[in-house]
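The values are calculated or read from the model by the stated rules, or taken from the named source; none is laboratory data. This structure is a prediction, so every number in the text was calculated from the model and none was measured. Cβ coordinates were reconstructed from backbone atoms using ideal geometry, including for glycine residues, and neighbour counts include every protein chain displayed. Remember, those area values only see protein heavy atoms, side chains included, never the ligands or the DNA or RNA. Shrake-Rupley method; radii C 1.70, N 1.55, O 1.52, S 1.80 Å.
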Amino acid sequence: MNQVILSLYFFLVIFIGYSSYKKIKGSKDYFIAGKDAGVKEIAGSLLATVLGSSAIIGSVNFSYANGWAGSWFMLCAALGLLGLLPLVDRLKKYKSYNLPELMGEFYGNEVKVLSSIIIPIAWIGIVAAQIMGSAKIISIFVDMNYSTAVIISGLVFIAYTFLGGQLSIIKTDFIQFLFIIAGVILCFTYILKGGGDIVGVGLINEKFGYLDLFIMILTYSSTFLVGPDIYSRIFCARDEKTAKQAIKLSIVILIPLGFILAGIGVYVSSNYGVDIVKGSVLMFLADRVLPQPIVILLYFGLLSAVISSADTTLLTASSTFAQIFMKDLREEQAIKLTRVFILIFGGFSILVALKFTFILSTLLLALAVYSGAFIVPCLAGILGYRCKKNYAVSGILLGGGLALYGKLTGGVPGNLIIIFSFLVNFIILVLGRPREVRIKK
């Protein structure tokens, strides 16, 4: 029975992609959904993108091991979106479809090309994290081995994104968000009614200190302040007022949701012990605690979280890489070329998901590389700062490289290296500011 339900769900996803495929009339529809999305669509898409399976499963698992500190995942996302609010008006004067185009406007075509290379490579890890999450859900729901589940879910994501582009993503994300929120809230409500303790260490504790929080803000919050997927949502809004209202609504929802997700992890550690769960905490609850109707809704909520994030990140990676071979995404061949790269990057993401199984570490590694490379120069560019393009290139390469090295090093030394990557990027940009030419009178 579960196999039939899952098959119908995937069929519906592909059908939505195909129906959107027939409505696409040009690059504006495919890449920014016709730039006509309202508050509900933008907020739903922002939230669905934030609440990927890697974020939901990862934050609940993190809370299981580290107490209420798991709340910081959603709180840091809300903090990043709060910082984005005053930037929306500044973004309106740019005609870009995505972040690399913005970087090109700030620092020149070479920086645009470099951004179009690094971001897709980093985003493969994020797409792979979503595929991992989907595979873990499917393998339990229909008793399928992990590798097969990775391939099936990956192919569905690829087909859906290939066909519908942004037009299908923005129209379905709100519905997917409703599935996500219903599954999580019903799960939390049920365990609360069942009694038991929800006692865990505080938001800051010996396992998650202030330095860890600072690093999370640098490498996680910053990707919502300056992020390719987030900006792709903003560019779909019909106007700045719509974008701002959607961001505010998203913040209001993310803050309590952070504590709800953390509460689920803390509940399991409080009542079942910290060593009993070997995989996903949510899957443990589905198997041991929750009634079947809530289990089914939770599974499909998590699958919706996967799809809503995977399609967005896959389209972002593919469209940005396509820009290497053309002036901009308004050219006639842009959609065809992007679809080619959707197949290529989707395939690589499947291979990464087959090789690695640790969702949260894969996600945070990708975000660390991106944040170290692009947060400082992109934010500076939005605020009106300009520097010589060779300095911008150096800052991106050194910042991203140092952040990668720091993440791989781990621990306190690794965190200090990540902080240093931002500082190095900033110093290089300052050194690269063009000197004003003074004319003698």
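Only one residue in Ile324, Ile342, Ile264 is of a type in the set (Val, Ile, Thr) and open to solvent by 10 Å² or more (accessible area, probe 1.4 Å), so which one is that?
Just one listed residue meets the conditions, Ile324.
Taking the condition in contact with a strand residue (DSSP E or B) (Cβ under 6 Å, 6 or more places away or on another chain) and either among the aromatic types (Phe, Trp, Tyr) or at negative phi (or both), does Ile180 pass?
Taking the combined requirement at face value, the residue does not satisfy it.
Restricting attention to region 385-418, which residues are without any contact (Cβ under 8 Å) to a residue 24 or more places away in the chain and under 28 Å from Lys93 (Cα atoms)?
The answer is none; no residue qualifies.
Keeping to region 361-401, report how many residues are under 14 Å from Ile118 (Cα atoms), at pLDDT 90 or above and open to solvent by 20 Å² or more (accessible area, probe 1.4 Å).
Number satisfying all stated conditions: 5.
Taking Ile342 and the conditions (1) at pLDDT below 90; (2) under 28 Å from Glu110 (Cβ atoms), which numbered condition does it fall short on, given that it satisfies the others?
Ile342 satisfies all of (1) at pLDDT below 90; (2) under 28 Å from Glu110 (Cβ atoms) except (1).
If the requirement is being farther than 24 Å from Tyr267 by Cα, in contact with a Gly (Cβ under 7 Å, 6 or more places away or on another chain), part of a helix (DSSP H, G or I) and touching a residue at least 40 places away in the same chain (Cβ under 8 Å), which of these qualifies: Phe188, Phe157, Phe179, Phe162?
Phe157
If you take just the helices (runs of 4 or more DSSP H) that sit entirely in region 39-137, which of them hold at least 3 residues that are among the β-branched types (Val, Ile, Thr) and touching a helix residue (DSSP H, G or I) at 6+ places or on another chain (Cβ under 9 Å)?
39-50, 53-66
Any idea which of (1) without any contact (Cβ under 8 Å) to a residue 40 or more places away in the chain; (2) surrounded by 23 or more Cβ atoms within 10 Å (Cβ to Cβ) is the one Thr313 doesn't satisfy?
Among (1) without any contact (Cβ under 8 Å) to a residue 40 or more places away in the chain; (2) surrounded by 23 or more Cβ atoms within 10 Å (Cβ to Cβ), the lone unmet condition for Thr313 is (1).
Take the residues in region 1-24 that are part of a loop (DSSP other than H, G, I, E, B) and more than 22 Å from Phe321 (Cα to Cα); name whichever of them is most open to solvent (accessible area, probe 1.4 Å).
Going through the qualifying residues, I end up with Met1.
When the residues of region 28-53 are filtered to those that are at pLDDT below 85 and among the polar types (S, T, N, Q), which remaining residue is least open to solvent (accessible area, probe 1.4 Å)?
Ser53
Please count how many residues of region 345-360 are in a helix (DSSP H, G or I) and open to solvent by 50 Å² or more (accessible area, probe 1.4 Å).
4
Counting just the residues of region 250-279 that are among the hydrophobic types (A, V, I, L, M, F, W, C) and under 18 Å from the mean Cα position of the chain (by Cα), which one comes out nearest to Ala55 (Cα to Cα)?
By that ranking, first place goes to Leu261.
Tally time: how many residues in region 73-121 are farther than 23 Å from Tyr30 by Cβ, of a type in the set (Phe, Trp, Tyr) and without any contact (Cβ under 8 Å) to a residue 60 or more places away in the chain?
0
If I filter region 87-107 for residues that are in contact with a Gly (Cβ under 9 Å, 6 or more places away or on another chain), open to solvent by 30 Å² or more (accessible area, probe 1.4 Å) and among the hydrophobic types (A, V, I, L, M, F, W, C), do I get at least one hit?
no
For Ala78, only one of the following conditions fails: (1) closer than 30 Å to Gly395 by Cα; (2) at pLDDT below 85. What is its number?
Single failed check for Ala78: (2).
I'd like the full set of residues that are open to solvent by less than 30 Å² (accessible area, probe 1.4 Å), β-branched (Val, Ile, Thr) and out of contact with any Ser or Thr (no Cβ under 8 Å at 6 or more places or on another chain), limited to region 184-233.
Val184, Ile191, Ile215, Val226
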